[in-house]
Each structure stands twice: as structure tokens, then as C-alpha cells.
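Peer 1: Input: one structure, supplied below.
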Amino acid sequence: MFADIGSRERIGDGGVLRNSLLWQKMCSNQLQLPEPCPLPGSNIEAPFVFLADGVFALSTHILKPYPGIHERGSQKRIFNQRLSSTRVVVENVFGILSSVFRIFKKPIALEVNKVSLITMTCVRLHNFLRRSKTSKQIYTPTGTIYILDDDGSIIRPGSKRDISGTCAIKSLQNVARRPPLHATGSKRKIQIILLSHITTICDNG
């Protein structure tokens, strides 16, 4: 898990991203992302992207849902459901952190620099415990996280995902931002490719 800590709430999620090391490396092509490759069962190449929610601006490497409400069963609604069900991994992480590291259960009454240090320490411990073969099952045993199907329905509920009302990790303010012009066409192209792939799978299923 990557974390960037210390930004002020008033700049919103998009502003936090644009001030982060991740964004700098993304823009300078230093993330060593894999080269575009064909989707399963297709010969059309698609790039690797980061999945985001609707508050983030479009960019070459960020894919977000189609805005608005779409008719049930429509391609755009199916696309948004698949994207959202994949992003649930992030919510699982917040649930695990607040469940295991109880300091996140309420606002931390310390200096800002100490809060940043504590948070980053917990993130590093999380990454270590998740990667360790000997501790992974102890830290996040089977049943810890939610598992969803392709339509976003719960296959298996998790014991540590629900953080509503019990966690000091809160969503930042949504600040609308326009995407760069070069990103819009690229992102739409990616969505069309994925929509076509999803539709093919559904028809064959």
C-alpha cells in the first residue's frame, strides 16, 4: 500500500494526489508501469491504470467511473459497477487499519508531525504483515475482508471493513477539477475498450 500523509483537508482528494510523490512519479513515467497488453480473450491492447472514484480528475493513468446515473443493464452502469467492486480493496485496507491499530478509532490528540509519523509507521507495519508468509494469516485471516462479484454484490462479508462511525480516517472534501485535455481522449478510449470487453464477456456468459 502506498500512502502520502500530511496534506491539508481543504485541498480535497484531487489536490492531495497532485501534491503527492505518486503523482510526480506518474507524470514523469518513473513508476515502471507494465507496457500496454491485450485484455484476456482480446487482441486489443489496453494500458495499465489506477482506479479512482469520481472526485479525481482524468489523467493518462487514472481511470474513473462515468459520471451520472445510468440505466440498469447499460454498458456504462456495468462498467461503473465493475470499477467500484475492484476499488473495494481500498476500503478493506481502511477497515483493517482502524481495527488492528486502535489509535485510528478516534482523532489523535498529538502534534501534526507525530500524527504523520504514527500513521506512516502503521502503513509500513501493514505492508510488512501482509507480505510476510508467516504473519499474513494472523493479521488478516480468512473472512477479514469483503469479497464482491463482478456485479458488486457481496459474496463474502468481511469482519474488518465497516469503518462508519468508528474510525478517525475520514473522506476529504470533494473539489471538482478539470482533467488535462490530452487525458480526456485517452481515458475515453480506454473506457470504450473495457466496455467492449465487458460486453463481450456478458454476451458469452
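Peer 1: Restrict the search to region 2-42; then list the trypsin sites (Lys or Arg not before Pro) that DSSP places in a loop and that have at most 14 other Cβ atoms within 10 Å of their Cβ.
Peer 2: Sites meeting the loop and neighbour criteria: ARG8.
Peer 1: Here is the link list: LYS64/LYS105; LYS105/LYS133; LYS76/LYS133. Which ones come out longer than 31 Å on Cα distance?
Peer 2: Going by Cα-Cα distance, LYS76/LYS133 fall outside the 31 Å limit.
Peer 1: With every protein chain left in place, what is the accessible area of LEU31 in Å² (1.4 Å probe, nearest 10)?
Peer 2: 50
Peer 1: Contour minus end-to-end for SER74 and GLU91, with contour as 0.36 nm per residue of separation and end-to-end as the Cα-Cα distance?
Peer 2: Extending this stretch completely gives an extra 3.5 nm.
Peer 1: Shape call for region 7-59 from the C-alpha gyration tensor, a ≥ b ≥ c root eigenvalues: rounded (a/c under 1.5), prolate (a/b greater than b/c) or oblate?
Peer 2: oblate
Peer 1: As a test of reading the structure, rank CYS37, CYS122 by solvent-accessible area (1.4 Å probe, protein chains only), most first.
Peer 2: Sorted by accessible area, descending: CYS37, CYS122.
Peer 1: For region 1-106, with all protein chains present and a 1.4 Å probe, just round the carbon and sulfur fraction of the accessible area to a whole percent.
Peer 2: Carbon and sulfur together cover 53 percent of it.
Peer 1: Using DSSP to call loops (not H, G, I, E or B), can you name the trypsin sites (Lys or Arg not before Pro) in region 40-98 whose Cβ has at most 16 other Cβ atoms within 10 angstrom?
Peer 2: Listed in order of number, the matching sites are ARG72.
Peer 1: Another one. Any idea what the dipole of region 1-119 comes to, in debye rounded to 20, about its Cα centre with Lys/Arg Cβ at +1 and Asp/Glu Cβ at -1?
Peer 2: Computed charge dipole of region 1-119: roughly 380 debye.
Peer 1: In nm, to one decimal, how far is the ILE108 label point from the MET120 one, both placed 7 Å along Cα→Cβ?
Peer 2: Taking the two extended label points, one gets 1.1 nm.
Peer 1: Please give the contour-minus-distance gain from GLN30 to ILE44: 0.36 nm per residue of separation, less the Cα-Cα distance, rounded to one decimal in nm.
Peer 2: That pair, GLN30 and ILE44, stretches by 2.5 nm at full extension.
The values are calculated or read from the model by the stated rules, or taken from the named source; none is laboratory data. Keep in mind the model is a prediction, meaning the values are calculated, not measured. With ideal geometry, Cβ positions are generated from the backbone for all residues, glycine too; neighbour counts draw on all protein chains shown. Side chains included, ligands, DNA and RNA excluded: accessible areas come from the protein's heavy atoms. Shrake-Rupley method; radii C 1.70, N 1.55, O 1.52, S 1.80 Å.
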